[in-house]
Amino acid sequence: MKTYDLIIIGGGRAANLANKVAKLGKKVALIEKSSLGGTCANRGCVPSKLLISYADVIRNIEESSRHYIKSNIEKIDKEKIFKENNDVRHLKEMLYIHPAISESLLPASINAIKKIESFNEKN
């Protein structure tokens, strides 16, 4: 049976704690049923802010005449925008997400567990 100094359930912001504890030489289990990074990085804040940034670019182009700049939008490739927005790995590269979120960057003393069925012991 594996033993750990700390078990963290949820790979969102708690991944930062796992990283700090691992740097102290402790063995950590980080349990996350989905992608590390949590809701904000994978489905919430980060993806929605990327979509908002596209809307801001469109608005700036549409309002550019206020600054004596003549411009127009020839095409908006919505398919590519949504594909990019749904590519979580690309989002994490584009926007700074704490390194502890990426499994490949986790210290060896952190065991990232993708799913858990049950605990075996009472304690």
Inset, instruction - Select from the range 36-49 the residues that are crowded, with 17+ Cβ neighbours inside 10 Å and in contact with a helix residue (DSSP H, G or I) (Cβ under 7 Å, 6 or more places away or on another chain) and list them in ascending order. - result: Leu36, Gly37, Ala41, Asn42, Val46, Pro47
Inset, instruction - Could you check how many residues of the range 11-33 are in contact with a helix residue (DSSP H, G or I) (Cβ under 7 Å, 6 or more places away or on another chain) and exposed (fewer than 15 other Cβ atoms within 10 Å of the Cβ)? - result: 2
Legend entry - Selection count where residues are within 15 Å of the chain's Cα centre (by Cα) and not in a helix (DSSP H, G or I), scope the range 6-27: 4
Legend entry - Identity of the residue in the range 50-71, without any contact (Cβ under 8 Å) to a residue 12 or more places away in the chain and in contact with a helix residue (DSSP H, G or I) (Cβ under 8 Å, 6 or more places away or on another chain), that ends up nearest to Lys83 (Cα to Cα): Ser71
Legend entry - Selection within the range 27-72 - touching a Gly at 6+ places or on another chain (Cβ under 6 Å) and either more than 26 Å from Ala14 (Cα to Cα) or of a type in the set (Gly, Ala, Ser) (or both): Gly38
Legend entry - Count - residues of the range 73-85 that are touching a residue at least 24 places away in the same chain (Cβ under 8 Å) and farther than 22 Å from Arg13 by Cβ: 2
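A short reminder: the numbers here are calculations on the coordinates, not readings from a lab. The structure presented is a predicted model; accordingly, all values stated were derived computationally and were not measured. Glycine gets a Cβ as well: all are built from the backbone with ideal geometry, and neighbour counts include every protein chain shown.
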